[in-house]
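Asks: Quick one: structure below, then a few questions.
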Amino acid sequence: MTRIGVLISGSGTNLQALMDAIDAGRIPGAKIVVVISNRKSAYGLERAKAHGIPAECILKKDFEDEEAFNSAILERLKYYGVDLVVLAGYLSILSPEVVRCYPNRIINVHPSLIPAFCGKGFYGERVHRAVLDYGVKITGATVHFVDEGTDTGPIILQRPVEVKEDDDVHSLAARVLEVEHQLLPEAVRLFVEGRLAVEGRKVRILK
């Protein structure tokens, strides 16, 4: 059984997509054992509780520095025996200490086709605003392993989304989010099945 810890900051729709996929039997051998948020108001915490999953809130302001904050998160992940960490709309950067404890065992979903519109400062609606301001015709979603950089880890899955002439931030975000809801459970399934081989910067999907 692969024990999954999910980190969130907001409404938790990607968390819901993952829970739904597990419930539907599409990710056999997986169990979400804890959901952790860095925001008290995150509705994803309510989603977890409604599902009978332990839901915890760890606030940065309660710690003297970033290192102590990340150490607290790491302690909880270890407490629950987490094998795979999933960042599902988690709007904070994990410390190198956390990343080193879970090499190629932290998965993030990002609302663009990395390496475009990613890195420091590119999160949430800011990504879609940048896409529209630049005038690109194609954007999309990316699921990748997390390394010590920001959105720089090996890419697992990507899928394009057309940018329409009449798109605004909200309409574009909604279509990209639909793709995120497909890609994240798919990537988790491949991980649980042992079908992801990381070779340098490349992720090979094994048959």
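Asks: Hey, among 91, 84, which residue is under 23 Å from residue 179 (Cα atoms), at pLDDT below 95 and not hydroxyl-bearing (Ser, Thr, Tyr)? Break it down stepwise before answering.
Replies: Values: 84 fails: at pLDDT below 95.
Unique residue meeting the criteria: 91.
Asks: Condition check: in a loop (DSSP other than H, G, I, E, B) and touching a Gly at 6+ places or on another chain (Cβ under 7 Å). Does residue 10 satisfy that? Let's see the steps before the verdict.
Replies: Numbers: in a loop (DSSP other than H, G, I, E, B): yes; touching a Gly at 6+ places or on another chain (Cβ under 7 Å): yes.
Yes: the conditions hold for residue 10.
Asks: Here's a check for you: in segment 130-161, which residue that is of a type in the set (Gly, Ala, Ser) and assigned to a strand (DSSP E or B) is farthest from residue 198 (Cα to Cα)? If you could, list the steps in order and put the result at the bottom.
Replies: Taking segment 130-161 first, the residues of a type in the set (Gly, Ala, Ser) are 130, 135, 140-141, 149, 153.
Subsequent filtering for residues that are assigned to a strand (DSSP E or B) retains 140-141.
Values: 140: 22, 141: 20 Å.
Once the filter is applied, the top-ranked residue is 140.
Asks: Can residue 9 be described as touching a Leu at 6+ places or on another chain (Cβ under 6 Å), crowded, with 21+ Cβ neighbours inside 10 Å, over 18 Å from residue 188 (Cα atoms) and hydroxyl-bearing (Ser, Thr, Tyr)? So that I can check it myself, show each step before the final result.
Replies: Numbers: touching a Leu at 6+ places or on another chain (Cβ under 6 Å): yes; crowded, with 21+ Cβ neighbours inside 10 Å: no; over 18 Å from residue 188 (Cα atoms): yes; hydroxyl-bearing (Ser, Thr, Tyr): yes.
Judged against the criteria, residue 9 is not a match.
Asks: Could you tell me whether segment 113-122 includes any residue that is closer than 25 Å to residue 169 by Cβ, assigned to a loop (DSSP other than H, G, I, E, B), touching a His at 6+ places or on another chain (Cβ under 8 Å) and not aromatic (Phe, Trp, Tyr)?
Replies: For segment 113-122, residues closer than 25 Å to residue 169 by Cβ, assigned to a loop (DSSP other than H, G, I, E, B), touching a His at 6+ places or on another chain (Cβ under 8 Å) and not aromatic (Phe, Trp, Tyr): present.
Asks: Exactly one of (1) over 24 Å from residue 125 (Cα atoms); (2) surrounded by fewer than 18 Cβ atoms within 10 Å (Cβ to Cβ); (3) of a type in the set (Gly, Ala, Ser) is unmet by residue 30. Its number?
Replies: Evaluating residue 30 over (1) over 24 Å from residue 125 (Cα atoms); (2) surrounded by fewer than 18 Cβ atoms within 10 Å (Cβ to Cβ); (3) of a type in the set (Gly, Ala, Ser) leaves (2) as the failure.
Asks: So, one more: Of all residues being touching a helix residue (DSSP H, G or I) at 6+ places or on another chain (Cβ under 6 Å) and buried (at least 18 other Cβ atoms within 10 Å of the Cβ) in segment 147-172, which is farthest from residue 103 (Cα to Cα)? Just the residue, please.
Replies: Kept after step one, since they are touching a helix residue (DSSP H, G or I) at 6+ places or on another chain (Cβ under 6 Å), are these residues of segment 147-172: 148, 156-157, 159, 161, 169, 172.
Now restrict to residues that are buried (at least 18 other Cβ atoms within 10 Å of the Cβ): 156-157, 161, 172.
Numbers: 156: 14, 157: 18, 161: 30, 172: 33 Å.
Step by step, filter segment 147-172, then rank; the result is 172.
The values are calculated or read from the model by the stated rules, or taken from the named source; none is laboratory data. These numbers come from a predicted model, not from an experiment. In this analysis, Cβ positions are derived from the backbone assuming ideal geometry, glycine residues included, and neighbour counts consider all displayed protein chains.
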